[in-house]
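Peer 1: Following this message is one structure expressed as structure tokens.
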Amino acid sequence: MSFCTTCGAPLKPGARFCEQCGSPVGVAAPAASQPARPAPAARQQPAAAQPAAASQAANLAAQQADAVRRAAQAVANAAEARIDAARAAAGVEHDSPRHYAMQSETSTGAIARSTAAPAGIVAASTAIEIAPYASPFSDKEREASAHLPASAPKHARKMCEKDIAEVSQRVNSLAVSIREHVKKAARDDMDAVQYAGAIIDQMGRDGTYHSDVVPFNELETVTRYRANIKERLDADRTVIKDVSAWLDYGVPTFVDDARALAVRMWGTFDQSVLDRAQADYDAAAAAYDQAKQSYLDTAVAYDEKVRLNTKQNIEPSYALPMSASFRRYAKLFLWLVILTLALSLICWLFLHVAIIIMALPIVRLIGIIGAIGFFVASIVMERGVERKRTADLNAQNAAIIAWNAQLQAERQQALVQPKAAMDAAEERRNAARKALEQAKQSVDPDERVAFTSLTNTFVQALDALNRAIEPVVAAIGKQWPIDGFEQAIDDDWMDQLKRHDPPRYMMLHSERADEAQSAAIAQASKVQQEEAIKQTQEQAKQTREQQLQTKIAQKNFEAAEASRREVEWQAQRQADAAARAAQAQIAASQAAEDASNATYNAERSRKQYYDGIKYR
């Protein structure tokens, strides 16, 4: 079977024209008449057509970098002026400061900048456009200011090392964060690019993309995407390298410069000022401690008086403690027994015969009554004593309370002056402490400003460098895009097969059509199955709802039946109650009638009785 050389459709035997496209059989379309297939628009996006967001971020980074450069230049100029003045005073010749260029024109890794790169960002093949750190000192000056002299005060050496350690820790932590950031951003992009390269290599090994006429690796899209992958990987590595180079030079050099400025700054420290401030603070602290101790002594003295006076306060009570009451009443009961025995003995002695005592219980009764009376009289007398003691205690407690109130008033009056003196001493101590803290930082203000400005400028440069990483990586992706590479390569492959290998194209086209048809059938079957499952679920849901409604109706019927039985039971109870009431009424009527008959019969019998007596 032969195929059309124009569209690749199969031709019938003896046909002179293609039924698909109408081209004459045996006449191939000239190669020059077919225009070259343009690359997809997304693949030809120039670097100048990048999104506005990346351009704005780049402009912001550029403005921040310019501000950082201006601040750094101002600090450098001020430092240079002071250095020149010191050299002029010492008669030392001027050495030019060292500047570091991160990527020169002769650098082996440098690539020419792209004219289409956004403002503030170097093209993706080069580093980030952040001004390199420019040291305001020469190596000789940095070495001369590396350490404070041995004669420097101990406090100055301690504070100098503290400032250097804080700045070094702050800058190194930011540098570590930037390194991790750039590695993550670039590595993520490199992983995506390497994955795309692996997919393209896998497509080249796949039999689907094999043809004796059209080599897969010579396709325009494959060549372009592989070139983009290579350039993009190189650009990512360059970004990591350039940022690392910026940090490798800038951070140690800045730390050395910060050390030099800190040494110069603390070299102006005056120990005598600190000694005077420390002496003033010690005197103020001693005066405060003395005033506070005087205040506390006065307060404690009055509090001790109040405590001793309050200790004499006795809580009044009309009853003794429980144990004392038991002992007292036990003694009274013992006296009662003794008195009873004594009275019995006296009776026996006077009457001389014990039997007489037994015969006269009135004597024993009198003795017992007398003992009980004595017992009650003792209790009453004891309670009277307790009431008198309670009244005395109340009067004593009232006097103690009044005296305590007077002591409290005297305490408040006596503490006014010590409190005022203590407050004034505390204010002087706080002022002396503040002056001491200021004396601990008493260095040349210009040197302090230079140290702080240099630190803030370098930190701002690190922040600008960190913020510029994402826009640069995004610009790399825009300059060498790889999005949608599989579909673009497949489209180019099918187009080339259609042009140069029609049989292979028709076979692959038929296979894909069959696969697409099978996929459509499978999708339709899946949709039908899902629809059937959905209908089954809907039917099951309706069945459950019907069953639920049936259960509800059954419950309603049962409730109605129970209500009907309750009504019938209530009616039966009412009928039974009415029947019982009627029976009771009938019984009452019968009882009344029987009572009337009995009364009548009794009256009749009485009358007959009297009539019988009358006529007897």
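The values are calculated or read from the model by the stated rules, or taken from the named source; none is laboratory data. Since we're looking at a predicted model, the values are computed, not measured. Cβ placement follows ideal geometry from the backbone for every residue including glycine, while neighbour counts extend to all protein chains displayed. Note: accessible area is taken over every heavy atom of the protein model, side chains too, but ligands, DNA and RNA are not part of it. Shrake-Rupley method; radii C 1.70, N 1.55, O 1.52, S 1.80 Å.
Peer 1: So is residue 430 open to solvent by less than 70 Å² (accessible area, probe 1.4 Å), of a type in the set (S, T, N, Q) and in contact (Cβ under 8 Å) with a residue 12 or more places away in the chain or not? Working first, answer last.
Peer 2: Details: open to solvent by less than 70 Å² (accessible area, probe 1.4 Å): yes; of a type in the set (S, T, N, Q): yes; in contact (Cβ under 8 Å) with a residue 12 or more places away in the chain: no.
Against the criterion (open to solvent by less than 70 Å² (accessible area, probe 1.4 Å), of a type in the set (S, T, N, Q) and in contact (Cβ under 8 Å) with a residue 12 or more places away in the chain), residue 430 does not qualify.
Peer 1: Ok, one more. Output the number of residues of the stretch 223-254 satisfying the condition of being among the acidic types (Asp, Glu) and open to solvent by less than 20 Å² (accessible area, probe 1.4 Å). Reasoning before the result, please.
Peer 2: Of all residues in the stretch 223-254, those among the acidic types (Asp, Glu) come to 231, 234, 236, 242, 248.
Now drop any that are not open to solvent by less than 20 Å² (accessible area, probe 1.4 Å), which leaves 236, 242.
Count: 2.
Peer 1: A follow-up question, please. Working only within the stretch 255-288, note down all residues that are closer than 30 Å to residue 173 by Cβ and aromatic (Phe, Trp, Tyr).
Peer 2: Quick first cut of the stretch 255-288, residues closer than 30 Å to residue 173 by Cβ only: 255-269.
Within the stretch 255-288, 266, 269 qualify.
Peer 1: I'm told residue 497 meets every condition in (1) crowded, with 17+ Cβ neighbours inside 10 Å; (2) closer than 30 Å to residue 176 by Cβ except one. Can you identify the failing condition by its number?
Peer 2: (2)
Peer 1: Moving on. Take the residues of the stretch 452-471 that are in a helix (DSSP H, G or I) and small (Gly, Ala, Ser): which is surrounded by the most Cβ atoms within 10 Å (Cβ to Cβ)? Can you show your working first?
Peer 2: We begin by selecting, within the stretch 452-471, every residue in a helix (DSSP H, G or I); these are 452-467, 469-471.
Adding the requirement that they be small (Gly, Ala, Ser) leaves 453, 461, 464.
Values: 453: 17, 461: 25, 464: 23.
Per the criteria, the residue is 461.
Peer 1: Still on this model: Scan the stretch 472-490 for residues that are in contact (Cβ under 8 Å) with a residue 24 or more places away in the chain and open to solvent by 30 Å² or more (accessible area, probe 1.4 Å) and jot them down.
Peer 2: Of everything in the stretch 472-490, those that are in contact (Cβ under 8 Å) with a residue 24 or more places away in the chain and open to solvent by 30 Å² or more (accessible area, probe 1.4 Å) turn out to be 474, 478, 479, 480, 483, 484, 486.
Peer 1: Do we have any residue at all in the stretch 152-165 that's within 33 Å of the chain's Cα centre (by Cα) and of a type outside the set (A, V, I, L, M, F, W, C)? Quick ask: steps written out before the conclusion?
Peer 2: We begin by selecting, within the stretch 152-165, every residue within 33 Å of the chain's Cα centre (by Cα); these are 162-163, 165.
If we keep only those that are of a type outside the set (A, V, I, L, M, F, W, C) too, we end up with 162-163.
Yes, some residue in the stretch 152-165 is within 33 Å of the chain's Cα centre (by Cα) and of a type outside the set (A, V, I, L, M, F, W, C).
Peer 1: Scan the stretch 472-505 for residues that are within 53 Å of the chain's Cα centre (by Cα), part of a helix (DSSP H, G or I) and not aliphatic (A, V, I, L, M) and jot them down.
Peer 2: Answer for the stretch 472-505, where residues must be within 53 Å of the chain's Cα centre (by Cα), part of a helix (DSSP H, G or I) and not aliphatic (A, V, I, L, M): 477, 478, 479, 485, 486, 487, 490, 491.
Peer 1: Okay, next question. If I go through the stretch 205-222 residue by residue, how many of them are surrounded by fewer than 11 Cβ atoms within 10 Å (Cβ to Cβ) and part of a loop (DSSP other than H, G, I, E, B)?
Peer 2: Qualifying residue count for the region: 2.
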